[in-house]
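To keep things clear, I will list the structure first and then write my remarks on it.
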Ligand SMILES: CC(C)(COP(=O)(O)OP(=O)(O)OC[C@H]1O[C@@H](n2cnc3c(N)ncnc32)[C@H](O)[C@@H]1OP(=O)(O)O)[C@@H](O)C(=O)NCCC(=O)NCCS
């Protein structure tokens, strides 16, 4: 029997928390329950308990720390949204602050969560747009002077440094993420000039769809056709993998990236995620 109040969730709670997550309709579950269960021991999670039963649940994705992101929020009903969720958001913020992380981030399309997040001090920091393209043709080849090769573990510090230069803090990947990407994603290529890593592209394949997970060029080497080259190489990889379409997402205000993707035939699907970030008191 769980005691009433807010408590940390561990993998030992999985047997009882998973049915709660399965049956509650106030949920952000954009990703699969299997993924939630897999991370129940290694990512921080909390639940609010009343009468020995879970009322609300929150799992924080810490893979990209110091960026910490709300992975899943589930509430039993509207009462739990109003009364229990604020406690869990406070627990997540407290955790992030103690770890020296950034204030937690939410990225998704669960409209019901906007108000509770806003009441907890989260601000809307932008939207992410989804793009898709049928087929794998590449209308341009880009800069042929750069060497494109597979990334290995020795490149990871260079990729972390590149992300720090190319992205605002909330979008940066850390070494743990790149180590995970090396063994879990289908392809990670680096673009090199004179032995220096100047860009990378990260791709995956899911159910015959190519996923362009990330494309980044160091600011010192942008506007030289290297982004075009890596995108063309990614399309070639997808063609060899036999995918029928390719999907990606990017920030709404990232006009340069969107121009590049549109040149390659990607079109906005209409789908978008909103991004909100907490703030320290
Ligand atoms: C978006 C991004 C990947 C583009 O990479 P890039 O290497 O600059 O891309 P390219 O050089 O192939 O094309 C970019 C522009 O340079 C122009 N360009 C290409 N070669 C050029 C050259 N030799 N001289 C002058 N301009 C050139 C292109 O026409 C294009 O112009 P446009 O922006 O007006 O449409 C890069 O800006 C980047 O990494 N940004 C930060 C991270 C990011 O936002 N990633 C994508 C979202 S996940």
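Six or more apart or on different chains, Cβ atoms under 9 Å: show the pairs whose first residue is in region 219-232 and more than 16 Å from residue 192 (Cβ to Cβ) and more than 6 Å from the ligand (Cβ to nearest atom) and whose second is modelled with pLDDT of 95 or more and part of a helix (DSSP H, G or I).
219/165; 219/166; 231/260; 231/261; 231/263
Name the single residue, out of those in region 183-193 being free of Cβ contacts under 8 Å to residues at least 40 places away in the same chain and farther than 17 Å from residue 161 by Cα, that is farthest from the ligand (Cβ to nearest atom). First the steps, then the outcome.
If we filter region 183-193 for residues that are free of Cβ contacts under 8 Å to residues at least 40 places away in the same chain, which is where we start, we get 183-185, 188.
From what is left, the residues that are farther than 17 Å from residue 161 by Cα are 183-185.
On the way: 183: 21, 184: 18, 185: 14 Å.
Looking at residues that are free of Cβ contacts under 8 Å to residues at least 40 places away in the same chain and farther than 17 Å from residue 161 by Cα, I get 183.
If you scan region 88-99, which residues turn out to be touching a residue at least 12 places away in the same chain (Cβ under 8 Å), in a helix (DSSP H, G or I) and surrounded by fewer than 17 Cβ atoms within 10 Å (Cβ to Cβ)?
90, 97
Return only the number of the condition from (1) farther than 17 Å from residue 132 by Cβ; (2) touching a strand residue (DSSP E or B) at 6+ places or on another chain (Cβ under 6 Å); (3) near the ligand (Cβ under 8 Å from one of its atoms); (4) without any contact (Cβ under 8 Å) to a residue 60 or more places away in the chain that residue 214 does not satisfy.
(1)
Which number in (1) surrounded by fewer than 17 Cβ atoms within 10 Å (Cβ to Cβ); (2) within 12 Å of the ligand (Cβ to nearest atom) marks the one condition that residue 206 misses?
Of (1) surrounded by fewer than 17 Cβ atoms within 10 Å (Cβ to Cβ); (2) within 12 Å of the ligand (Cβ to nearest atom), only one is false for residue 206: (2).
Within region 162-177, track down each residue that is more than 9 Å from the ligand (Cβ to nearest atom) and touching a strand residue (DSSP E or B) at 6+ places or on another chain (Cβ under 7 Å).
170
Please count how many residues of region 245-281 are over 21 Å from residue 127 (Cα atoms) and surrounded by 12 or more Cβ atoms within 10 Å (Cβ to Cβ). Steps first, answer last, please.
Initially, region 245-281 is screened for residues over 21 Å from residue 127 (Cα atoms), giving 245, 263-265, 280-281.
Applying the additional criterion that residues be surrounded by 12 or more Cβ atoms within 10 Å (Cβ to Cβ) yields 245, 263-265.
The qualifying residues number 4.
Of everything in region 19-32 that's surrounded by 13 or more Cβ atoms within 10 Å (Cβ to Cβ) and over 14 Å from residue 61 (Cα atoms), which residue is nearest to the chain's Cα centre (by Cα)?
27
Is it the case, given these coordinates, that residue 57 is closer than 25 Å to residue 213 by Cβ and at pLDDT 95 or above?
Criteria not met by residue 57.
Failed condition for residue 131, given (1) assigned to a helix (DSSP H, G or I); (2) in contact (Cβ under 8 Å) with a residue 24 or more places away in the chain; (3) under 26 Å from residue 238 (Cβ atoms), with all others met?
Only one criterion is unmet by residue 131, namely (1).
Quick one: in region 116-149, which of the residues that are away from the ligand (no atom under 16 Å from the Cβ) and loosely packed, with under 15 Cβ neighbours inside 10 Å is farthest from residue 259 (Cα to Cα)? I'd like the intermediate steps shown before the answer.
The initial filter retains those residues of region 116-149 that are away from the ligand (no atom under 16 Å from the Cβ), namely 116-124, 134-137, 149.
Then drop every residue that is not loosely packed, with under 15 Cβ neighbours inside 10 Å, which leaves 118-119, 123-124, 134-135, 137, 149.
Numbers: 118: 32, 119: 36, 123: 27, 124: 24, 134: 17, 135: 19, 137: 17, 149: 25 Å.
For region 116-149, the residue satisfying everything is 119.
Which condition does residue 109 not pass, out of (1) within 26 Å of residue 16 (Cα to Cα); (2) touching a strand residue (DSSP E or B) at 6+ places or on another chain (Cβ under 9 Å), if it passes all the others?
It is condition (1) that residue 109 fails.
The values are calculated or read from the model by the stated rules, or taken from the named source; none is laboratory data. Being a predicted model, the structure only gives us computed values, none of them experimental. Quick reminder, even Gly has a Cβ in these numbers, built from the backbone with ideal geometry, and neighbours come from all protein chains shown.
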